[in-house]
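Each remark here refers to the structure printed beneath this line.
The numbers here are math on the coordinates, done by the rules we state, and not lab data. Keep in mind it's a predicted model, so treat the numbers as computed, not measured. Because the Cβ atoms are built from the backbone with ideal geometry, glycine has one as well, and the counts that use them run over all protein chains shown.
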Amino acid sequence: MRARVIKSTGAWYKLITTDEQVIEARLKGLIRLDGLTSTNPVAVGDYVEMTNEDGDWMITKIEKRSNYIIRKSPAKRAHSHILASNIDQALLMVTASKPRTSSGFIDRFILTAEAYHIPTVLVFNKQDILSEKDQQIQEKFINIYQALGYPCHLVSAITGSGLDEISALLKGKTSLIIGHSGVGKSTLANAIDADLNLRTGEVSKKHEKGKHTTTFAEMFFLHFGGAIIDIPGIKEFGVVGFERNEVGLYFKEMAALLSDCKFHNCLHINEPKCAVVDALKKGEISEERYKNYLGILEDIEEAKSY
Ligand code: GDP
Ligand code: ZN
């Protein structure tokens, strides 16, 4: 029988069957996947085959994923963690403050999403409480990301402004909702579908200090059709599985210039006749994005020494 994973705790899995029954299942033995060292072999969004053995449901096979989102395991350095799979789009929620979303977080997420062909939409929440300074930060972000082709939406999950557009975006699709804890993911989800009843609230300072708090992604179904995957408690987004010379291929503005660089494998650092560095000097590409690009190359180098 076929089912889709809607929650994974590592020990057991919550699944929804094709006839919309919700059941719990375990993994039967070891399932090998793609040669990745993943701390969670089964991810939310996976389509699986299962059998019933003496009243217990066992997952016997994971269907090939059309895409997935992966990050470095926060607990084990050499391991990666598949956050979710078979996703139509990602809604990246951003707030200029409370909490502050850094461009580094945005660019790391977009890099991963681009590599796995997941379209990303940016949702700027908390429009009702923007200070003048927040407004400036937000405008800077919008200028950069809209020009690159990432749609930007301004919303307030509290007042409801802009949410009709978000509902229209989500309808009939599987969407990942991602962003730092406290940006308003749960509040937004509840505002577009009151039946969801997700827990909201400030993450307490004490809780935040427990660095390795385990969080579990979960899929929720929308009454108007479609599903969202909520991943609570993301503080950073470590990229995995990239070689240094691949990163520039997923920074759209750099990829577009690569053929103008002298070297076809140019890393755009200090090579002669680099079209990216030229464009940077002319102010045609964002300095902030370029800085994040270099930061990601450094992260990759650093990861190799483990
Ligand atoms: P999550 O961790 O991303 O799920 O964030 P929550 O949905 O739990 O929201 C964190 C806090 O931000 C809560 O206190 C919400 O009431 C508040 N919040 C969420 N959206 C908005 C908004 O649009 N405006 C304002 N003023 N507060 C918001
Ligand atoms: Zn170059």
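Which entries in the list K64/K171; K282/K304; K7/K28; K185/K282 go over 28 Å, if you measure between the two C-alpha atoms of each?
Beyond 28 Å: K282/K304; K185/K282.
Would you calculate the separation in nanometres between label points at R244 and K98, each defined as 7 Å from the Cα along the Cα-to-beta-carbon direction?
4.3 nm
For each of T101, T200, count neighbouring Cβ atoms within 10 Å of the residue's Cβ, then give the residues from fewest to most.
Least to most surrounded, the residues fall as T200, T101.
How far apart, in nanometres, would the label points at E114 and T18 be if each is projected 7 angstrom from Cα along the Cα-to-Cβ direction?
3.8 nm
Based on DSSP H runs of at least 4 residues, each adding -39500 (n - 2.57), what is the mean residue ellipticity at 222 nm of the chain after dividing by all its residues, to the nearest 500 deg cm²/dmol?
Mean residue ellipticity, 222 nm, calculated: -7500 deg cm²/dmol.
Any chance you could give the angle, 0 to 90 degrees and rounded to 10, that helix 103-115 forms with the longest Cα principal axis of the chain?
Compared with the principal axis, the helix lies near 70 degrees.
Mind pulling the angle between the C-alpha long axis of helix 132-147 and the longest principal axis of the chain? Nearest 10 degrees, somewhere in 0 to 90.
90 degrees
Go ahead and run the numbers for FRET between N270 and E53, Cβ-Cβ distance against an R0 of 51 Å, rounding to 0.05.
Taking R0 as 51 Å, the efficiency between N270 and E53 is 0.25.
Rg to Rh ratio, region 76-143, alpha-carbon atoms and Kirkwood radius?
Radius of gyration over Kirkwood radius for region 76-143 works out to 1.04.
Could you tell me whether region 77-204 comes out rounded, prolate or oblate from its Cα gyration tensor? Rule is a ≥ b ≥ c as square roots of the eigenvalues, rounded for a/c under 1.5, then prolate if a/b exceeds b/c, otherwise oblate.
The shape class here is rounded.
Give me the base-10 log of I(q)/I(0) for the chain at each q in 0.07 Å⁻¹, Debye formula, one uniform scatterer per Cα, rounded to two decimals.
-0.29
Given the options N197, N143, N270, which has the most mean-square fluctuation in a GNM of the chain, springs set between C-alpha atoms less than 10 angstrom apart?
Per the Cα network of the chain with a 10 Å cutoff, N270 tops the list.
Quick one: if you stick a label point 7 Å off each Cα along the C-beta vector at L154 and S66, how many nm between them?
3.3 nm
What FRET efficiency do you get for A11 and K282 if R0 is 51 Å and r is their Cβ-Cβ distance, rounded to the nearest 0.05?
Approximately 0.40, to the nearest 0.05.
If I stretch the segment between K140 and A303 completely, what's the gain in nm (0.36 nm per residue apart, minus their alpha carbon distance), one decimal?
Additional length available on full extension: 55.6 nm.
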